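As structure tokens, the structure follows; a few thoughts come after it.
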Amino acid sequence: MAKSSSLAKYFSSISILPDDLLLGIFQAVADDIYITNEHLRLDCVALASVCRGWRSLVLGTSRLWTRLHMVTRLGALSREHLERNVMRSANALVDVVIYVARPPDPWGQAAWTLVFDGAKTYLQVLRECSHRWRSLKIINEEDNHSGLFHFVLSELGLPHAPALSEVEIICHSSGWITSLKESFQFLSTTCVPSLKRLKLEGCESNILPGHFDASSLTHLNLKFLCQFSHIPTQNSLVAFRNFLSCARNLVSLEVHRRVFFVEHTKTDDEVVRVILPVLRTLSITMGTEKPAYLSNILGTIAAPNLHHLAVYGDSLAWEEHGLIDFSSPAFFFQQDQTPKFPSVCKLTMKNMLQSVHGPGKNIRSILTAFPCVTEVVLDHDIREIADHLVLESYDQTAPPLWLCLRQLTIEMPSMTKFHYLPQLSEWLRLRRASGLSLPVVTICYELQRAGMKEDARDLMVIRKIVNDATGYRASDTKAVVGQLSKLGVLVDLRVESRLVTE
């Protein structure tokens with residue numbers, strides 16, 4: 001009885017909240033769930049089932065129904081339900097998510113027919129409101145080679161979507177490219193004249209129409225493509241350059257692995273760089289590609305207003321003869337040894353200096369290539385960087401490095417140690433002695449979550465993290481963190497956990 005009374009008091013308190021506040025809570029809950037789950041979720045329906053007041057509020061608020069989800073799975077959704085959601089969204093712009101699920105194996109002809117017929121029906125409903133599409137996200141479940149993905153692209157047809165500004169096509173894969181029989185003609189200027197953001201992952205590059213116009217794009221994300229095979233050339237790098245030359249309005253460009261073949265980069269002629277005049281963010285993820293992959297991207301792009309350069313490598317896989325010479329014009333410098341990207345204010349560099357054969361050559365060039373940098377994000381590469389900063393600081397004739405640095409973030413993965421702290425402390429001491437301001441130092445240490453995967457060392461570290469953010473409680477490390485504090489440096493240790501799955 002007491003429990004029932006307590007629950008009644010709880011619900012009574014919620015019921016007196018103003019509608020605007022309730023709607024804000026509902027929207028936050030829906031946003032959080034949709035971000036973390038690509039599958040169909042009927043959270044608005046659940047909210048509308050709590051009580052009459054909530055039902056009236058939810059059904060009468062069109063913005064809560066602007067996510068239209070479709071899943072190609074038997075029993076996942078009915079046409080009537082999708083039509084009701086479209087009607088409840090009224091005249092608001094909508095975000096469309098199509099999840100192409102992998103069918104059960106084996107499955108008979110009857111189930112095959114039902115799934116394809118159902119998908120065709122749902123796509124027809126979505127096409128009828130294409131004039132209100134704001135974003136389109138098509139997700140192909142991992143290693144789904146059933147033909148459903150191609151069927152969905154074909155059945156979408158060529159609807160006119162004048163308000164569509166963002167398209168994501170993601171083919172989850174364990175290593176195989178999702179092949180396509182023909183290009184996705186919907187991605188044409190006629191159908192999507194307002195397209196600003198495009199993300200392609202895990203599919204053949206011929207998903208783009210042969211005459212795709214990239215001039216309207218401001219954000220582009222390319223990951224794990226096969227090659228630009230629809231363009232009449234055998235050189236995938238040339239095709240990549242031609243594609244970028246049409247995208248002169250890019251503000252953000254992310255290039256991941258396998259966008260072109262390193263074997264196609266050999267040329268005896270000096271290549272004219274593609275100028276991207278408004279590009280602010282350039283992110284390059286190399287995976288296991290050779291350093292030549294990075295050098296050819298940096299040699300392809302000229303970005304006079306670049307603000308943030310992020311480079312993610314896999315230096316542990318590099319061979320001795322392939323180590324980077326950072327002073328080479330192939331990377332951060334021009335032929336005349338002037339910086340390629342002098343306007344960069346934020347530099348992110350991870351796993352670029354950890355080869356078993358050494359960290360590479362002329363690391364000092366990393367420090368001199370970005371004279372205006374104010375924020376730097378590093379991982380365990382900080383060990384080599386800190387060593388060179390100390391050595392350079394001892395040289396009284398050399399100009400100080402990173403004069404404008406205000407923020408240094410060190411993001412350490414799990415199972416690593418804090419051996420870099422003495423060098424970092426010495427560099428900060430020398431920097432202060434030179435009269436330069438000290439940066440804010442943020443150390444993020446990643447811990448594997450206990451219970452998901454047993455790891456004796458990480459469990460021990462969890463017990464040794466000091467509550468007041470002073471560091472890993474080994475006697476030497478604790479002393480070093482204390483030294484940093486005495487220097488007047490703001491040290492912020494953030495211990496983060498990550499979900500580890502088998």
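The values are calculated or read from the model by the stated rules, or taken from the named source; none is laboratory data. Note that the structure is a prediction, hence the values are computed from the model and not measured. No Cβ is skipped: glycine too gets one built from the backbone with ideal geometry, and neighbour counts run over all protein chains shown. Ligands, DNA and RNA are stripped out before the accessible areas are found, and what is left, the full protein with its side chains, is counted by its heavy atoms. Shrake-Rupley method; radii C 1.70, N 1.55, O 1.52, S 1.80 Å.
Residues are listed down the side, and each one gets a yes or a no for (1) touching a residue at least 24 places away in the same chain (Cβ under 8 Å); (2) open to solvent by 40 Å² or more (accessible area, probe 1.4 Å); (3) closer than 22 Å to THR288 by Cβ; (4) in a helix (DSSP H, G or I):
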| residue | (1), (2), (3), (4) |
| --- | --- |
| ASP336 | no, yes, no, no |
| PHE341 | yes, no, no, no |
| VAL344 | yes, no, no, no |
| LEU347 | yes, no, no, no |
| MET352 | yes, no, yes, no |
| LEU367 | yes, no, no, yes |
| PHE370 | yes, no, no, no |
| VAL376 | yes, no, no, no |
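Filter segment 114-140 down to residues that are closer than 18 Å to LEU68 by Cα and either in contact with an Asp or Glu (Cβ under 9 Å, 6 or more places away or on another chain) or surrounded by fewer than 18 Cβ atoms within 10 Å (Cβ to Cβ) (or both), then give me how many there are. So that I can check it myself, show each step before the final result.
So the first thing to find is which residues in segment 114-140 are closer than 18 Å to LEU68 by Cα, and the list is 118-140.
In the following step, the residues that additionally are either in contact with an Asp or Glu (Cβ under 9 Å, 6 or more places away or on another chain) or surrounded by fewer than 18 Cβ atoms within 10 Å (Cβ to Cβ) (or both) were identified as 119-121, 123-125, 127-128, 131, 133-139.
Residues in segment 114-140 being closer than 18 Å to LEU68 by Cα and either in contact with an Asp or Glu (Cβ under 9 Å, 6 or more places away or on another chain) or surrounded by fewer than 18 Cβ atoms within 10 Å (Cβ to Cβ) (or both): 16 in total.
Within segment 177-223, the set of residues being hydroxyl-bearing (Ser, Thr, Tyr) and either touching a Lys or Arg at 6+ places or on another chain (Cβ under 7 Å) or more than 25 Å from LEU279 (Cα to Cα) (or both) comprises THR178, SER179, SER183, THR190, SER215, SER216, THR218. Taking the listed residues VAL58, VAL50, VAL86, VAL45, the one that is over 28 Å from the mean Cα position of the chain (by Cα) and open to solvent by 60 Å² or more (accessible area, probe 1.4 Å) is VAL50, with no other qualifying. Of everything listed in (1) at pLDDT 90 or above; (2) in a helix (DSSP H, G or I); (3) open to solvent by less than 20 Å² (accessible area, probe 1.4 Å), the single unmet condition for VAL167 is (2). Every listed requirement among (1) open to solvent by 30 Å² or more (accessible area, probe 1.4 Å); (2) modelled with pLDDT of 65 or more is met by LEU40 save one, (2).
Return yes when ALA111 is open to solvent by less than 70 Å² (accessible area, probe 1.4 Å), under 24 Å from ASP20 (Cβ atoms) and outside any strand (DSSP E or B) and no when it is not. No: the conditions fail for ALA111.
Could you tell me which of the residues ASP387, ASP314 is at pLDDT below 90 and open to solvent by 50 Å² or more (accessible area, probe 1.4 Å)?
Working: ASP314 fails: open to solvent by 50 Å² or more (accessible area, probe 1.4 Å).
One residue alone meets the criteria, ASP387.
Is it fair to say SER283 is in a strand (DSSP E or B), buried (at least 16 other Cβ atoms within 10 Å of the Cβ), touching a strand residue (DSSP E or B) at 6+ places or on another chain (Cβ under 7 Å) and not hydrophobic (A, V, I, L, M, F, W, C)?
yes
Selection within segment 191-207: residues that are open to solvent by less than 50 Å² (accessible area, probe 1.4 Å) and under 20 Å from LEU93 (Cα atoms). The member of this set that is farthest from the chain's Cα centre (by Cα) is CYS191.
The set of residues in segment 395-405 being modelled with pLDDT of 85 or more and either open to solvent by 40 Å² or more (accessible area, probe 1.4 Å) or not in a loop (DSSP other than H, G, I, E, B) (or both) consists of LEU403, CYS404.
Here the condition is being at pLDDT 85 or above and open to solvent by less than 20 Å² (accessible area, probe 1.4 Å); of THR416, THR409, it holds for THR409 alone.
Each row is one residue, and each column tells you yes or no for (1) modelled with pLDDT under 85; (2) under 32 Å from the mean Cα position of the chain (by Cα); (3) outside any helix (DSSP H, G or I).
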| site | (1), (2), (3) |
| --- | --- |
| LEU68 | no, yes, yes |
| ARG73 | yes, yes, yes |
| GLU80 | yes, no, no |
| ASN91 | no, yes, yes |
| ARG102 | yes, yes, yes |
| LEU123 | no, yes, no |
| LEU126 | no, yes, no |
| HIS131 | no, yes, no |
| ARG134 | no, yes, yes |
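Exactly one residue out of ILE301, ILE324 is more than 19 Å from the chain's Cα centre (by Cα), crowded, with 22+ Cβ neighbours inside 10 Å and within 20 Å of ARG383 (Cα to Cα): that is ILE324.
For segment 221-247, taking the residues that are within 22 Å of the chain's Cα centre (by Cα) and of a type in the set (S, T, N, Q), the one that is modelled with the lowest pLDDT is identified as GLN227. Among the residues in segment 208-220, are any surrounded by 20 or more Cβ atoms within 10 Å (Cβ to Cβ), at pLDDT below 90, touching a strand residue (DSSP E or B) at 6+ places or on another chain (Cβ under 7 Å) and not in a strand (DSSP E or B)? No: segment 208-220 contains no residue that is surrounded by 20 or more Cβ atoms within 10 Å (Cβ to Cβ), at pLDDT below 90, touching a strand residue (DSSP E or B) at 6+ places or on another chain (Cβ under 7 Å) and not in a strand (DSSP E or B).
Any residue that is at pLDDT 85 or above, part of a loop (DSSP other than H, G, I, E, B), among the hydrophobic types (A, V, I, L, M, F, W, C) and under 21 Å from ASN221 (Cβ atoms) - is there at least one of those in segment 144-152? No, segment 144-152 has no match at all. SER188 meets all of the listed conditions (1) in a loop (DSSP other than H, G, I, E, B); (2) closer than 30 Å to ARG63 by Cα; (3) open to solvent by 40 Å² or more (accessible area, probe 1.4 Å); (4) out of contact with any helix residue (DSSP H, G or I) (no Cβ under 7 Å at 6 or more places or on another chain) but one, namely (3).
Residues that are buried (at least 20 other Cβ atoms within 10 Å of the Cβ), modelled with pLDDT under 85 and part of a loop (DSSP other than H, G, I, E, B) occur at least once in segment 420-429.
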